[in-house]
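The values are calculated or read from the model by the stated rules, or taken from the named source; none is laboratory data. Note that the structure is a prediction, hence the values are computed from the model and not measured. Glycine also receives a Cβ, built like all others from the backbone with ideal geometry; neighbour counts cover every protein chain displayed. Calculation scope for accessible area: heavy atoms of the full protein, side chains included, ligands and nucleic acids excluded. Shrake-Rupley method; radii C 1.70, N 1.55, O 1.52, S 1.80 Å.
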Amino acid sequence: MYCLWFRALPLILTDWNFSKLVGLVTLRVILVDENADRAKMVQGSLAAQGYDVVAVLGSGADLSARLVACNADVVIIDMDSPDRDILESMRQVGNEQPRPIVMFSQDGDPQTIKSAVEVGVSAYVVDNLRPERIKPVVDVAIARFAQFQSLRSELDKAKSTLAERKLIERAKGILMKRRHCDEDEAFGLMRKMAMDQKIRLADVASRIIDAAELLG
Amino acid sequence: MKTKLKIGFVGLCDSAALIVGKERGFFAEQGLSVELSKEPSWANIRDKLACGILDAAHMLAPMVLEATIGAGNVQVPLMSAFTLSTGGIGITLGRDAVLTDKPVLAMVYPFSAHHYVLRSWMEALGIAGEVVVIPPAQMVSSLAAGSIQGFCVGAPWNGVAENSGLGVRVALDQLPQRMDKVLGVTQDWSNAHPETHGALVKALLTAGHWVNDPDNHPEIAEILAQPAYLNLPPQIIQNGLAEINFVANAPSAQDGLWYLSQMQRWGQIGPIDQEQQIVGQIFCTDTYQSFIK
């Protein structure tokens, strides 16, 4: 009844794992992420694509036991998690784990692996799943992690811009008081220094603030 | 010569030479500008080296073997021309540990001295138990929770357990001092940057000697105690520093062969052709000698 066009069949060919092999049963995914916001993003995208996110864990959440209990196929884990080494051992330590776990990168393409590492995500899969089945899950994770990374750096930039604006305002205030000049003049002085010294306005501001502190 | 480097480390006392190298200017003396990257796992260290995100890293000696021969999850040819530390390995048992009842004992990484020391100790005492990996920072809380009955880990974690009254350290007097942590780089990186590599080794040699001097330990402990580094109390770190030898710096092919035999002994790998040659290409004593001239 089952057409045996696969060359190598793992272990015992039951209905269940044959179905998994040919993709008839949806993959069960565990997410391990120190960052709850990012985990929500990844979970949302995976669920939208029909994957079954059976657990979302933080660190120290007894990962091994949860993996066995949830019967997971794939673990997407953020590289900030110390639990990666636990997953590394699941192929090696040889205890009575029912399903050995290997890291995706053994079969993945080098660019995918590099992209994953660069955005800080790693993936582990049970040993008898074909890499092609995992790739879409990993791609979703990479995309969401990359998006999160760029959102975070935009936020950091905005925060630092705001912080810099505050510095500049403060320095302007100091200049206005000391030199008895108006706002435009103060700003003009700062801008000139920035241009002459080839430094940023925010750096001029810092210098003024530091100097004022010393001079009292 | 490449002078800007990113070097990975894991938060243990035996990363001291790297941290001190940066903080006390030993790297700068050799013309190197080093950014240290604190990694939460050994797997990260391996993968970031493999992808070229890190130039060099604090590594477990058997991990260098694992990656090069592809015994674990990722295969990438690595090598080491410098040993960062020997010693500092200890086994701690929970105060209420019952060793006759299939205890669960933890270690740091499947390819580590800690794993092999633990297994050998269990075998010597006839302890039949389960061996698991737990990150060092979670070991003490796992012991407290009773999910493990003991662990084998590096400094300062045995001290942390003892200090908190949760654990008792096992005497491991006869333990030979083997190459434990090394400076790991990819073979490609080593071939591409021999001058930089040499400068790095020279800096670490000086840093290692400085770190090894007990008179400097209080200062080193203060540096390592910072959140960016170990983020632990200075006294515990200081006690941990005393357990480690930072000046046995030549790579040891002999220890490399021992690790290989342990990987075979515990079923991690099968027989390897040309063991001596492979180990010699991975733990390069000649390269070390040429660098420190």
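Is it the case that some residue within region A:155-166 is open to solvent by 80 Å² or more (accessible area, probe 1.4 Å), under 30 Å from B:Trp42 (Cβ atoms) and part of a helix (DSSP H, G or I)? Outline the logic, then answer.
Initially, region A:155-166 is screened for residues open to solvent by 80 Å² or more (accessible area, probe 1.4 Å), giving A:155-157, A:159, A:162, A:165-166.
Within this subset, residues satisfying the condition of being under 30 Å from B:Trp42 (Cβ atoms) are A:156.
Now narrow it down to the ones that are part of a helix (DSSP H, G or I): A:156.
Yes, the conditions are met somewhere in region A:155-166.
Could you say whether any residue in region B:266-277 is in contact with a helix residue (DSSP H, G or I) (Cβ under 8 Å, 6 or more places away or on another chain), surrounded by 18 or more Cβ atoms within 10 Å (Cβ to Cβ) and in a helix (DSSP H, G or I)?
So far as region B:266-277 goes, no, none of its residues is in contact with a helix residue (DSSP H, G or I) (Cβ under 8 Å, 6 or more places away or on another chain), surrounded by 18 or more Cβ atoms within 10 Å (Cβ to Cβ) and in a helix (DSSP H, G or I).
Would you check if there is a residue in region B:75-91 being modelled with pLDDT of 95 or more and in a loop (DSSP other than H, G, I, E, B)?
There is at least one residue in region B:75-91 that is modelled with pLDDT of 95 or more and in a loop (DSSP other than H, G, I, E, B).
If only one of B:Val108, B:Val132, B:Val74 is open to solvent by less than 40 Å² (accessible area, probe 1.4 Å), within 16 Å of the chain's Cα centre (by Cα) and more than 21 Å from B:Leu257 (Cβ to Cβ), which one is it? So that I can check it myself, show each step before the final result.
Details: B:Val132 fails: within 16 Å of the chain's Cα centre (by Cα); B:Val74 fails: within 16 Å of the chain's Cα centre (by Cα).
Criteria check complete, one pass: B:Val108.
What's the number of the only condition in (1) within 14 Å of chain A (Cβ to nearest Cβ); (2) open to solvent by 10 Å² or more (accessible area, probe 1.4 Å); (3) of a type in the set (A, V, I, L, M); (4) within 18 Å of B:Gln268 (Cβ to Cβ) that B:Val117 fails to meet?
(1)
Collect the residues in region A:178-216 that are of a type in the set (Asp, Glu) and part of a helix (DSSP H, G or I), keeping them in residue-number order. Let's see the steps before the verdict.
First, the residues of region A:178-216 that are of a type in the set (Asp, Glu): A:182-185, A:196, A:203, A:210, A:213.
The answer is A:Glu183, A:Asp184, A:Glu185, A:Asp196, A:Asp203, A:Asp210, A:Glu213.
Give me a count of the residues in region B:234-260 that are assigned to a helix (DSSP H, G or I) and hydroxyl-bearing (Ser, Thr, Tyr). Steps first, please.
Just the residues of region B:234-260 that are assigned to a helix (DSSP H, G or I), to begin with: B:234-241, B:253-260.
Cutting the leftovers down to hydroxyl-bearing (Ser, Thr, Tyr) gives us B:259.
The qualifying residues number 1.
Looking only at region B:42-77, count every residue that is at the interface with chain A (Cβ under 10 Å from one of its Cβ atoms), out of contact with any strand residue (DSSP E or B) (no Cβ under 9 Å at 6 or more places or on another chain) and touching a residue at least 60 places away in the same chain (Cβ under 8 Å) and tell me the total.
Of the residues in that region, 1 qualify.
Conditions first: (1) in contact with a helix residue (DSSP H, G or I) (Cβ under 8 Å, 6 or more places away or on another chain); (2) in contact (Cβ under 8 Å) with a residue 24 or more places away in the chain; (3) assigned to a helix (DSSP H, G or I). A:Pro136 passes all but one, so which condition is the exception?
Unmet condition: (1).
May I ask you to verify whether A:Val42 is modelled with pLDDT of 55 or more, within 30 Å of A:Gln149 (Cβ to Cβ) and open to solvent by less than 60 Å² (accessible area, probe 1.4 Å)? Before the answer, list the steps.
Working: modelled with pLDDT of 55 or more: yes; within 30 Å of A:Gln149 (Cβ to Cβ): yes; open to solvent by less than 60 Å² (accessible area, probe 1.4 Å): yes.
So A:Val42 fits the description; yes.
Which residues, taken from region B:59-97, are of a type in the set (A, V, I, L, M) and under 15 Å from B:Ile278 (Cα atoms)? Let's see the steps before the verdict.
So the first thing to find is which residues in region B:59-97 are of a type in the set (A, V, I, L, M), and the list is B:59-61, B:63-65, B:67, B:69, B:71, B:74, B:76, B:78-79, B:81, B:84, B:89, B:91, B:93, B:97.
Listed by number, the residues that qualify are B:Ala61, B:Met63, B:Val64, B:Leu65, B:Ala67, B:Ile69, B:Ala71, B:Val76, B:Leu78, B:Met79, B:Ala81.
Can you tell me which condition A:Ser81 does not meet? The list is (1) buried (at least 19 other Cβ atoms within 10 Å of the Cβ); (2) under 21 Å from A:Asp127 (Cα atoms); (3) under 18 Å from the mean Cα position of the chain (by Cα); (4) of a type outside the set (Val, Ile, Thr), and all the others hold.
Going through the list (1) buried (at least 19 other Cβ atoms within 10 Å of the Cβ); (2) under 21 Å from A:Asp127 (Cα atoms); (3) under 18 Å from the mean Cα position of the chain (by Cα); (4) of a type outside the set (Val, Ile, Thr), A:Ser81 breaks only (2).
(1) open to solvent by 40 Å² or more (accessible area, probe 1.4 Å); (2) of a type outside the set (Ser, Thr, Tyr); (3) touching an Asp or Glu at 6+ places or on another chain (Cβ under 7 Å): which one isn't true of A:Asp203, the others all being true?
It fails just one condition, (3).
So is B:Lys202 touching a residue at least 40 places away in the same chain (Cβ under 8 Å), more than 27 Å from A:Gly60 (Cα to Cα) and among the basic types (Lys, Arg) or not? Quick ask: steps written out before the conclusion?
On the way: touching a residue at least 40 places away in the same chain (Cβ under 8 Å): yes; more than 27 Å from A:Gly60 (Cα to Cα): yes; among the basic types (Lys, Arg): yes.
Yes, satisfied.
It is to be established whether one or more residues within region A:105-118 are among the hydrophobic types (A, V, I, L, M, F, W, C), away from chain B (no Cβ under 13 Å) and open to solvent by less than 60 Å² (accessible area, probe 1.4 Å). Walk me through it before giving the result.
Residues of region A:105-118 among the hydrophobic types (A, V, I, L, M, F, W, C): A:113, A:116-117.
After this cut, where a residue has to be away from chain B (no Cβ under 13 Å) as well, the list is none.
Looking for residues that are among the hydrophobic types (A, V, I, L, M, F, W, C), away from chain B (no Cβ under 13 Å) and open to solvent by less than 60 Å² (accessible area, probe 1.4 Å), one finds none in region A:105-118, hence no.
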